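Before any comments, here is the structure.
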Amino acid sequence: MPDDRPDLRASHADRDRVVDALRVAAGDGRLSADELDTRLESALSARTLGELAGLTADLPNAPAATGQDVLVVEQHGGRYVREGRWPVPARIELRTQECRVTLDFTHAVITSNVLRIETDMVHGKLFIVSSPGIVIDTDGLNLTYSKLKLHAGYAAADPRLRIELAGKLLHAKVVEQRP
């Protein structure tokens with residue numbers, strides 16, 4: 001939202017973005033249930049961009065709202081999970097070794113129609129929990145002793161989200177799951 005014009009009227013889309021950011025912040029434990037209810041009520045009745053900006057001023061900026069649309073995951077061993085209501089960036093970089101990564105898009109806040117996942121995975125698994133309207137493109141992947149387990153027949157003519165996988169997998173596996 002433009003900071004230089006706080007007196008501009010807010011649109012439904014502006015209110016929806018703030019509502020999504022508030023819900024994500026509450027899910028992260030940054031807002032109590034009472035704070036969330038109060039701010040949601042204010043967001044839905046806000047008239048100007050300035051009123052909306054005040055509701056999220058004390059919260060970290062969500063990647064989708066700031067244009068810094070990159071989530072970087074660098075991990076050796078263990079698990080990394082993104083699930084629930086999380087903002088989907090335009091790009092995710094996975095640099096993992098011996099790690100199980102789960103990206104659940106079931107309730108995710110999708111603000112773009114393309115997500116590029118750049119991988120450098122060694123001895124790991126990537127689980128993508130998708131739903132109808134999500135298409136996974138693996139043409140950019142370089143597989144070495146690796147497997148893809150994707151669902152066929154879900155190619156939508158106008159997908160809600162196109163996930164482009166690129167990069168390299170070494171002794172790794174990509175698995176698509178449906179909720």
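Rule-based calculations on the coordinates, nothing more; no lab input. Computed from a predicted structure; not experimentally measured. Note: ideal-geometry Cβ built from the backbone for every residue, glycine included; neighbour counts use all protein chains shown.
Side notes on the structure shown:
- 5 angstrom amide H check on residue 80, placed H, neighbours 5+ away: 100, 101, 102
- Charged neighbours of residue 114, selected by a Cβ distance under 10 Å, balance to +1 (K, R count +1; D, E count -1).
- Computed from the alpha carbon atoms alone, the convex hull of region 12-60 holds 59 Å³ per residue.
- Helix 12-27 vs. the chain, principal-axis angle (Cα, 0 to 90°, nearest 10): 70 degrees
- Mean residue ellipticity (222 nm) of the chain, computed from DSSP H runs ≥ 4 via -39,500 (n - 2.57), nearest 500: -7000 deg cm²/dmol
- Our estimate of slack between residue 58 and residue 72, defined as 0.36 nm per intervening residue step minus the Cα-Cα distance, is 2.7 nm.
- Simple spin-label estimate for residue 79 and residue 8 gives 4.3 nm between the two label positions (7 Å along the Cα-to-Cβ direction from each Cα).
- Net charge in the neighbourhood of residue 175 (other residues with Cβ under 13 Å of its Cβ; Lys, Arg +1, Asp, Glu -1) is +4.
- Mean Cβ neighbour count within 10 Å, used as a protection proxy, ranking 15-24, 128-137 highest first: 15-24, 128-137
- Rounded tilt (10° steps) of 33-45 against the dominant C-alpha axis of the chain: 70 degrees
- Each distinct pair of alpha carbons in region 69-115 adds a 1/r term; the inverse of their mean, the Kirkwood radius, is 11.3 Å.
- Ratio of Rg to Rh for the chain: 1.03 [Cα atoms; Kirkwood radius as inverse mean 1/r over pairs].
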